[in-house]
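What follows is a short report on a single structure.
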Amino acid sequence: MTNALIRRLDEYTPLTGADRDELAHLCMQSTRLVQAKRDLIREGDAPRVIYVILDGWAAHYRTLANGRRQIVDFAIPGDLCDLNLFILDRMDHSISAITRLKVAEVRRELLHRVVTNFPNITTALWWAELVSKSIHREWIVNVGQRSASERVAHLFCEMFLRLESVGLTNGFSCDFPLTQNDIAETTGLTAVHVNRTIQELRRRGLIVLERQRLTVPDMLALQDASLFNPNYLHLRRLNQHTDAGRHAQKGRDRQGR
């Protein structure tokens, strides 16, 4: 259950055996189960711990006075919610369980000891925060400039690569528990528009989405359709999803024959 956090941080900074042991220890201190559709923490609450997602999906969101909701990020296994909670008096957004969650609750003094004594982990945490901000910038561009089809396809690309980076894909398939309403609240579209858009992506052969399972037959084609550039994720394992990486793999396949 802790491998996702280790894999996530190892994407940004190579970790030693001692670093990995410390991260495993970090996630074993205090764990909590949260049922689907329940809030992990609400806007206005006083944060007391940092949450590490061990299993399941969560959503960061804001709710307007009239009840409308905007999802501003997703958290999957290996993600931390959020490192800046320790300096907040009150939460400025809520975090809700999309699926049943298992989280580790990390106390302030424990995290302070880790960042003081394990510089590789500290550097990796800085990178994690940088990537989080980069994702937020990309989401602003997504809602502000991309078409409906591009917005939804872009979300599929991003979440697939984020899941792949922590070992939660099988070939070009992954679990995808988001409802059409979740996608609508993420992309600034209506649920009806999301439904039409998903049907269009299916007809074009860009995705297969059924029973909360996403398959991407051709990742490069889906990236082209969504104007997706994966560089903002800063993942070292992305080479297979670039044109250069695809050509290199074809060369290796020819040599193998």
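Points to keep in mind about this one:
- Cα Rg, Dmax, the chain, angstrom units: 18.7, 63
- Karplus-derived 3J(HN,Hα) values for the range 33-50, using 6.51 cos²θ - 1.76 cosθ + 1.60 with θ = phi - 60°, are 9, 10, 6, 4, 6, 9, 7, 6, 7, 10, 4, x, 5, 8, x, 10, 9, 9 Hz; glycine and proline are entered as x.
- Cα principal axis extents for the range 119-218, largest first, Å: 48, 32, 21
- Theoretical ellipticity at 222 nm over the chain - DSSP helices of four or more residues, -39500 (n - 2.57) apiece, nearest 500: -14500 deg cm²/dmol
- Residue-wise HN-Hα coupling along the range 113-118, computed from phi with Karplus coefficients 6.51, -1.76, 1.60 (Hz; x: Gly, Pro): 5, 5, 5, 6, 9, 10
- Under the Karplus curve 6.51 cos²θ - 1.76 cosθ + 1.60, θ = phi - 60°, whole-Hz ³J(HN,Hα) for the range 180-189, x wherever Gly or Pro sits: 5, 5, 4, 5, 4, 6, 8, 9, x, 10
Taken together, the values in this text are just the output of simple stated rules run on the coordinates, not laboratory data. What you are looking at is a predicted structure, and each value in this text was computed from that prediction instead of being measured.
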